[in-house]
Amino acid sequence: MTPDRALRRIAFLLEWRGASPYRVRAFHTAADAVRDLPSGPVDAARARQLRGVGPVTAEVISQASTGAVPTYLARLEAEADPGARAGWDLAASSTGDCHLHSDWSDGGSPLEEMADAARALGHRWAVLTDHSPRLTIAHGLSPDRLRSQLEAVADVNSGTGPDFRLLTGIECDILDDGSLDQDEELLGRLDIVVASVHSKLRSEPGPMTARLLAAVRNPHVDVLGHCTGRIITGRGRPQSRFDAEAVFAACAETGTAVEINCRPERRDPPDDLLVRAAAAGCRFAVDTDAHAPEQLHWQSSGYARAARAGLGADRLITTWSLGHLLATRGSDSGPNSA
């Protein structure tokens with residue numbers, strides 16, 4: 001037991017129980033604070049001096065630093081239902097994240113910081129997916145800016161070791177007719193393409209279904225991003241309406257992964273559609289859609305949802321090795337052939 005591991009597991013178990021995101025975030029923040037502490041006992045008073053550490057997390061740090069299971073964690077473990085173990089095992093098996101933004105579009109941090117944060121979490125790879133040109137409010141990347149970003153990603157990878165790779169990608173707008181908002185030649189050069197709808201989200205089911213079907217059948221598309229476009233916090237936004245059976249069947253047929261978006265305001269798809277996509281045989285990408293380094297912690301909530309839907313690691317491309325991910329992308333068969 002280490003302080004970092006104890007704090008992350010507490011955060012996961014709190015998420016599993018449906019605790020407030022703010023409460024969960026406190027334990028992730030404390031885990032970030034102790035990452036660089038030297039091994040050995042740390043008393044609670046010293047832990048309280050760390051940025052973002054309060055009295056509860058300080059006590060957890062103090063107890064775990066001696067190798068003991070903290071009292072707080074032991075209580076949560078005793079109260080957890082059996083499914084929590086499956087969820088934690090999935091979260092622990094995560095190798096990457098297919099959906100990250102940087103300050104090249106609407107993210108708040110340089111791509112180098114996003115890559116460093118992903119690697120610090122133990123990821124072996126992560127995909128930089130800044131927005132495409134049509135989303136001007138998010139400072140989407142023109143073809144020329146995307147070409148420049150490809151060079152920037154190559155520079156980052158030249159300075160990292162063999163244990164991590166930042167993959168090239170894009171969150172590409174699905175246009176009204178289902179086509180993609182970026183040059184075909186550039187899309188073919190990217191490692192991963194996430195395709196998402198950001199406009200006319202209240203279209204009638206027929207046009208929206210046709211739009212999504214065209215996108216998931218596009219050979220460049222690897223992941224269908226936040227498929228309903230819903231927002232569940234604040235004023236909210238209702239989910240888009242479409243023929244879920246047809247869209248998920250197409251995803252299963254083409255090998256296009258359905259994103260389990262972990263942003264607290266999205267949690268997309270809703271539980272009922274997640275179950276239907278699982279029944280259809282889809283692959284899934286458990287993605288944070290992170291716009292800042294600390295948001296990469298959101299991924300564990302998606303793995304909890306995946307476990308509740310009965311999904312195993314073989315269906316979750318964000319638990320795959322880099323080699324398997326890149327070898328399998330673009331295949332036209334379902335997850336059982338991977």
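The values are calculated or read from the model by the stated rules, or taken from the named source; none is laboratory data. Only a predicted model underlies this, so the values are computations on that prediction, with no experimental measurement involved. FYI the Cβ positions are ideal-geometry reconstructions off the backbone, even for glycines, and counts take in every protein chain you see. These area figures cover heavy atoms from the full protein model, side chains too; ligands, DNA and RNA do not enter into them. Shrake-Rupley method; radii C 1.70, N 1.55, O 1.52, S 1.80 Å.
When restricted to residues that are farther than 14 Å from residue 172 by Cβ and in contact (Cβ under 8 Å) with a residue 60 or more places away in the chain, the range 130-161 contains 0.
Specify the residue that is surrounded by the fewest Cβ atoms within 10 Å (Cβ to Cβ); the eligible residues are those in the range 301-324 that are within 20 Å of residue 230 (Cα to Cα) and touching a helix residue (DSSP H, G or I) at 6+ places or on another chain (Cβ under 7 Å).
Checked the range 301-324; the qualifying residue surrounded by the fewest Cβ atoms within 10 Å (Cβ to Cβ) is 309.
When the range 250-265 is filtered for residues that are crowded, with 18+ Cβ neighbours inside 10 Å and either under 19 Å from residue 208 (Cα atoms) or within 12 Å of the chain's Cα centre (by Cα) (or both), the ones remaining, listed by number, are 250, 251, 252, 254, 256, 257, 258, 259, 260, 261, 262, 263. Among the residues of the range 100-116, those that are under 18 Å from residue 164 (Cα atoms) and open to solvent by 10 Å² or more (accessible area, probe 1.4 Å) comprise 110, 112, 113, 116.
Could you tell me whether the range 103-115 includes any residue that is under 12 Å from residue 293 (Cβ atoms), part of a helix (DSSP H, G or I) and of a type in the set (Gly, Ala, Ser)? Yes, the range 103-115 contains at least one residue that is under 12 Å from residue 293 (Cβ atoms), part of a helix (DSSP H, G or I) and of a type in the set (Gly, Ala, Ser). Scan the range 174-228 residue by residue and report those that are farther than 19 Å from residue 245 by Cβ and charged (D, E, K, R). Of everything in the range 174-228, those that are farther than 19 Å from residue 245 by Cβ and charged (D, E, K, R) turn out to be 176, 177, 181, 183, 184, 185, 189, 191, 200, 202, 222.
Open to solvent by 30 Å² or more (accessible area, probe 1.4 Å) and within 30 Å of residue 120 (Cβ to Cβ) - does that describe any residue in the range 269-292? Taking every residue of the range 269-292 in turn, at least one turns out to be open to solvent by 30 Å² or more (accessible area, probe 1.4 Å) and within 30 Å of residue 120 (Cβ to Cβ).
Kindly establish whether residue 152 is hydrophobic (A, V, I, L, M, F, W, C), closer than 22 Å to residue 106 by Cβ and surrounded by fewer than 21 Cβ atoms within 10 Å (Cβ to Cβ). Walk me through how you get there before you give the answer.
On the way: hydrophobic (A, V, I, L, M, F, W, C): yes; closer than 22 Å to residue 106 by Cβ: yes; surrounded by fewer than 21 Cβ atoms within 10 Å (Cβ to Cβ): yes.
Spelling it out, residue 152 is indeed hydrophobic (A, V, I, L, M, F, W, C), closer than 22 Å to residue 106 by Cβ and surrounded by fewer than 21 Cβ atoms within 10 Å (Cβ to Cβ).
Looking across the range 121-146, the residues that are open to solvent by less than 10 Å² (accessible area, probe 1.4 Å) and either in a helix (DSSP H, G or I) or modelled with pLDDT under 95 (or both) come down to 138, 146.
The rows are residues; the columns are (1) under 26 Å from the mean Cα position of the chain (by Cα); (2) surrounded by 14 or more Cβ atoms within 10 Å (Cβ to Cβ).
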{"residue": "7", "(1), (2)": "yes, yes"}
{"residue": "20", "(1), (2)": "yes, no"}
{"residue": "33", "(1), (2)": "yes, yes"}
{"residue": "47", "(1), (2)": "no, yes"}
{"residue": "55", "(1), (2)": "no, no"}
{"residue": "61", "(1), (2)": "no, yes"}
{"residue": "81", "(1), (2)": "yes, no"}
{"residue": "98", "(1), (2)": "yes, yes"}
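So, residue 245, is that one under 22 Å from residue 301 (Cβ atoms) and among the acidic types (Asp, Glu) or not? No: the conditions fail for residue 245. Can you tell me which residues in the range 22-31 are in contact with a helix residue (DSSP H, G or I) (Cβ under 8 Å, 6 or more places away or on another chain) and surrounded by fewer than 16 Cβ atoms within 10 Å (Cβ to Cβ)? Listed by number, the list holds a single entry, 23.
Scanning the range 167-221 for residues being farther than 18 Å from residue 99 by Cα, of a type in the set (A, V, I, L, M, F, W, C), open to solvent by 10 Å² or more (accessible area, probe 1.4 Å) and not in a loop (DSSP other than H, G, I, E, B) gives a total of 3. Candidates 76, 90, 14: the one that is open to solvent by less than 30 Å² (accessible area, probe 1.4 Å), closer than 28 Å to residue 319 by Cβ and touching a strand residue (DSSP E or B) at 6+ places or on another chain (Cβ under 8 Å) is 90.
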